[in-house]
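Take a look at the structure set out below.
Nothing in this text is a laboratory measurement; each read-out follows from the coordinates by a stated rule. Model, not experiment: these values are computed from the prediction. FYI the Cβ positions are ideal-geometry reconstructions off the backbone, even for glycines, and counts take in every protein chain you see.
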Amino acid sequence: LADKLQGALGKLKSKGKLTEKDVKDAMREVKLALLEADVNFKVVKDFVKKVQERCVGQEVMESLTPAQHVIKIVNEELTSLMGDVQSKVMISSKPPTVIMMVGLQGAGKTTTSGKLGGYFKKQGKRPLLVACDVYRPAAIKQLQVVGEKLDIPVFNMGDKESPVNIAKAGLSHAIKNNNDLVIIDTAGRLHVDEVLMDELKSIKSEVKPHEILLVVDSMTGQDAVNVAESFNEALGVDGVVLTKLDGDTRGGAALSIRAVTQKPIKFIGMGEKLDDLEPFYPDRMASRILGMGDILSLIEKAQENMDLEKAKELEQKIKKQDLDFEDFLTQMEQIQNMGPLDKIMGMIPGMGSLKDQLGDVDLNGKEMNRTKAIIQSMTADERRDPALLNASRKKRIAKGSGTSVQDVNRLIKQFNEMKKMMKMFTGSQKSMKKRGGFA
Ligand code: GDP
Ligand code: MG
């Protein structure tokens, strides 16, 4: 989405004064980009209309930098679409604060319950996690493992008791033990159904939570929005946690949910690890979607430390997806001058998971030198076309670099993984859908 929007708006930049037609053309592209990103149709229509109205206004057309003005307006409207200001979780003045987590199966309730507990624990709260999913096998165990990792107590009564009773007992337990925050992890279902809603309603009326947080999977795009609407209608929710944003390159759910349900996104899940949770800031998300802020800081960083020409070349190659080992080597050498790789990766939109993949590779130390040795032992042809690397070539390379064939294989695997990732991030929207974005 970021690329498409940048493309649409970039065209304006090359123009001096804008005509109404310029703006209209750009807005048509913005509209297509948003639709392709699986943003709700009505939301797109309203959005484009609003932006267009503002853009053909006096101020923009007569400004010296009309394109910048248009971009600014798009940015502002994207922000307002997502709610303008950050919405916090309500903390009750009369503890314990009770948060009830709801959502479909696999959305990330249990993980997010833990993440939230950890988040508030860091702020000095004493959370208690309550295990109310008595249906999914090992659901209780899963929450216990999460609690253990975070050193947060988990209340459970096994899977024979009813979720309503567990929630009630959990609340009493919290009061007795001086826990000022209770997070109730509930069961989900594959689809929204009445049995699920009835159970959630009973828990709600019994424990009267201060917050009902709906957890939805951003990768499911518009389905996530539909789910949010159903839950909100049946149960009434106070806010949304949008998970798996680390794997979502479209941003459709993030953009539509607030506009469709009128409920704010309060947190976003950015990975499987228990500290991969961030408060949701509409303005930052808008910049991320527009792909400006982060890209800018990346370019700045690169300019400081990188050979500019080479950086440009690399960018082209990433776009064309024909990265080879020669680039890998150049890149590694440049990266060694740039600082921690994970930081750099973090600044490229959508590269979060690649960062995790490379997580345990120490790219600045010994490992890096070994990798360099392996690539340097390849012939030019082999570097350009890794498919050439058969068993005997691998043996030769291992010998030449003072490593083992396993090392060579591992590097090839890493390299392919990286290529695959790049393909995913630069690839077509369609391939994202094929990967199972829709449940
Ligand atoms: P529940 O059925 O709603 O309780 O969902 P779980 O908490 O069990 O999560 C389902 C899967 O999604 C697990 O494999 C989690 O690790 C994963 N998951 C949850 N949140 C995130 C996230 O923000 N990013 C990624 N990449 N995975 C997540
Ligand atoms: Mg669960």
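With R₀ set to 51 Å, the beta-carbon distance separating D385 from E161 gives a calculated FRET efficiency near 0.25. Under 5 Å between amide hydrogens, built in the peptide plane, is the criterion, and for T97 it picks out S92, L181, V182 among residues at least 5 positions away or on other chains. The listed peptides 146-155, 210-219, ordered by packing as a protection proxy, come out as 210-219, 146-155 (highest mean of other Cβ atoms within 10 Å first).
Sort the following peptides by mean Cβ neighbour count (other Cβ atoms within 10 Å, averaged over residues), highest first: 179-192, 392-405.
Working: 179-192: 22.2, 392-405: 15.6.
In decreasing order of mean packing, 179-192, 392-405 become 179-192, 392-405.
Semi-axis lengths, largest first, of the ellipsoid equivalent to the range 152-267 are 28, 16, 13 Å, with √(5λ) applied to each eigenvalue of the Cα gyration tensor. Global size of the range 2-81: 11.6, 34 Å for Rg and Dmax (C-alpha atoms, Rg to one decimal, Dmax whole). To the nearest 0.05, what FRET efficiency results for K122 and Q144 with a Förster distance of 25 Å applied to their C-beta separation? Efficiency computed from Cβ-Cβ geometry: 0.75.
Taking amide H as placed 1.01 Å from N in the peptide plane, F155 has its amide H under 5 Å from the amide H of L129, V130, A131, each at least 5 places away in sequence or on another chain. Each label point was placed 7 Å from the Cα along the Cα-to-Cβ direction; for M418 and D198 their separation is 5.6 nm.
Can you put Y119, Y135 in order of Cβ neighbours within 10 angstrom, beginning with the fewest?
Numbers: Y119 20, Y135 15.
By the 10 Å Cβ count, ascending: Y135, Y119.
Model label points for E206 and D3, set 7 angstrom from Cα along the Cα-to-Cβ axis, are 5.0 nm apart.
In what sequence do K49, K4, K115, K266 fall when counting other Cβ within 10 Å, fewest first?
Values: K49 12, K4 17, K115 27, K266 22.
Taking fewest neighbouring Cβ atoms as first place, the list is K49, K4, K266, K115.
Available extension along the chain between E367 and L32 is 116.1 nm, counting 0.36 nm per residue and deducting the alpha carbon span. Compared with the alpha-carbon gap, the fully stretched path from E20 to K45 is longer by 7.2 nm at 0.36 nm per residue.
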